[in-house]
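Below: one structure, written as structure tokens.
The values are calculated or read from the model by the stated rules, or taken from the named source; none is laboratory data. Everything numeric in this text was worked out from a predicted model, so none of it was measured. Ideal geometry is used to build each Cβ from the backbone, glycine not excepted, and the neighbour counts take in all protein chains shown.
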Amino acid sequence: MTDKRPVTRDGKRPELLGDGSPDVRRELDRLRLQVAALQASRERLALAADAERRSIERALHDGVQQELVGLAANLDLAAASVDADPAATTRRLGAMRRDVQQALEETRKLAHRIYPPLLEAGGLGVALRAAAVTTDVPIRIDIAMEAACPPEIAGAVYRCCLDVLERAAARTPVVVSVRDEEGTLAFEVVAESDVDAALPSRDRIEALGGRLTIRQEPDRRTRVAGSLPLSR
């Protein structure tokens, strides 16, 4: 008769009828820890998603929406003064043109923050270089991959790098390296400054089965290293 008792991580079959068995207690403790870690991770992901939505809402309200409100007011003024003061109308139209360009730039940045189109069109390296330009951080990128990685994996690495770029001091050099290591995507982000260790992207990476470590080195350099399985 086949023994259908579950096997523990050490290859043993606990005696399920004996509640006091050390093997059973260890296995139950391990499962409780895993469940607690999973619940905590899910909670952090939910809180991070809420925070991201609030951040996007503030960017829309304080940025693009205010630009559009100002444009609407200037448009009314320009329409009212076009006959009485053509010179003032011309100046106002010039200011409106600059406001339109600013609103378009804010919209572009917001769209890239939600999902960078360059990540799909040009790959991880192109998207990271574009992000570095907007954050005013000099960056060196070394990507060694034989094939394109799944979009969710590339997105997780991009978000992690972006977290570092946004938290690094202005004009702080950052080095990003990405490599394929036998079915695992390994990456490292090194910033020449202190970076807050509470990176929102950590839970995204762990939810995909990956790992992330953040180390503050004595020379104030921050080293972020992670890995993600390319297939699950």
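Just name the residue that is nearest to VAL174 (Cα to Cα) out of those in the stretch 195-232 that are among the hydrophobic types (A, V, I, L, M, F, W, C) and more than 14 Å from the chain's Cα centre (by Cα). Among those residues, the one meeting the criterion is VAL195. The condition (being out of contact with any helix residue (DSSP H, G or I) (no Cβ under 6 Å at 6 or more places or on another chain) and at pLDDT 85 or above) is satisfied by just one residue among ALA191, ALA144: ALA144.
When ASP62, ASP76, ASP83 are checked against the criterion of being among the acidic types (Asp, Glu), under 30 Å from VAL157 (Cα atoms) and surrounded by fewer than 13 Cβ atoms within 10 Å (Cβ to Cβ), ASP62 stands alone in meeting it. Only residues that are surrounded by fewer than 18 Cβ atoms within 10 Å (Cβ to Cβ) and small (Gly, Ala, Ser) were counted in the stretch 162-173, giving 2.
A quick yes/no check of all residues on (1) crowded, with 22+ Cβ neighbours inside 10 Å; (2) in contact (Cβ under 8 Å) with a residue 12 or more places away in the chain; (3) within 24 Å of ALA40 (Cβ to Cβ):
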residue: GLU152; (1), (2), (3): no, yes, yes
residue: CYS160; (1), (2), (3): yes, yes, yes
residue: VAL175; (1), (2), (3): no, yes, no
residue: ARG179; (1), (2), (3): no, yes, no
residue: GLU188; (1), (2), (3): no, yes, no
residue: VAL195; (1), (2), (3): yes, yes, yes
residue: ILE205; (1), (2), (3): no, yes, yes
residue: ARG223; (1), (2), (3): no, yes, no
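Cβ separations smaller than 7 Å between residues 6+ apart or across chains give no pair from the stretch 67-96 residues that are farther than 24 Å from ARG108 by Cα to residues that are surrounded by 13 or more Cβ atoms within 10 Å (Cβ to Cβ) and of a type in the set (Asp, Glu).
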